[in-house]
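First the structure, in the form of structure tokens, and then the observations on it.
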Amino acid sequence: MQQSFLRFICTSAVFLAMGCMTTLFAWKTPWAPKVKATPVEMTTFSSETIAAFLSLLECETITYIDSAHHCEGGMLDLNGDEVDDYVFLLPWMGCGLNADGYSAHFILSGGKQGRIETVVEGYNIKLTDLVQVNGKIYLLHSTFFNDFEKSQHNHWVYQAFTFEKDGSITHANAAFGDLFPAATIFYENPKFKRVPLTPNDLNLIRKQTTYPSRKYIPAQRTIFK
């Protein structure tokens, strides 16, 4: 009898621990709306090329990176001007939500302006989030927002961005009809349930996810032609 009781206690403890672990790590996976798109083909960079880029980077992000092996990078024509562009994905490597935070450095050809750099911040950004729809390349993007006017929760927000010939990156939600921007409550369990957004919510999202561009001037030397 005593052994059966101990076995019951141990089994219950295991299942309780499994449930806690599921809840603990549930935030790591944003649950996006489904998009019919084709992943783009690109030339991925070696860790040596990524390390060379990191050595030129002057921002706080570099303090969170101890190896180029934690980063991703690739080369492809993003803005359709037949000139190769570059993307580097740098993880924040923080705690909690910031463990999945990324800074995506896009270095695009900008015509007579030369190379233009735009840094897009978001969560769990991967090279596979660059997709092609009807011959145009988009970045499918997710980020985190707190309270909206009619939904007092934490939320995942999903959008689409595109790449312009002047080297800038702009919102491209309209290209996907009514799909983007899309918001869902930060649920423990995997599911996507769309939250209605007011005009003020939409303005807030657009304002906080407008990323400025600047001319890319590497310090003293360049790793790009």
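The values are calculated or read from the model by the stated rules, or taken from the named source; none is laboratory data. Please read all numbers here as calculations on a predicted model, not as lab measurements. Cβ atoms come from the backbone with ideal geometry, glycine included; neighbour counts cover every protein chain shown.
Brief remarks follow.
- Qualifying residue in the range 99-109 (condition: at pLDDT below 90 and more than 17 Å from the chain's Cα centre (by Cα)): no
- Note on the range 166-217: residues that are more than 19 Å from the chain's Cα centre (by Cα), under 16 Å from residue 106 (Cα atoms) and free of Cβ contacts under 8 Å to residues at least 12 places away in the same chain total 1.
- Some residue of the range 160-180 being surrounded by fewer than 19 Cβ atoms within 10 Å (Cβ to Cβ), among the hydrophobic types (A, V, I, L, M, F, W, C) and farther than 19 Å from residue 131 by Cβ: no
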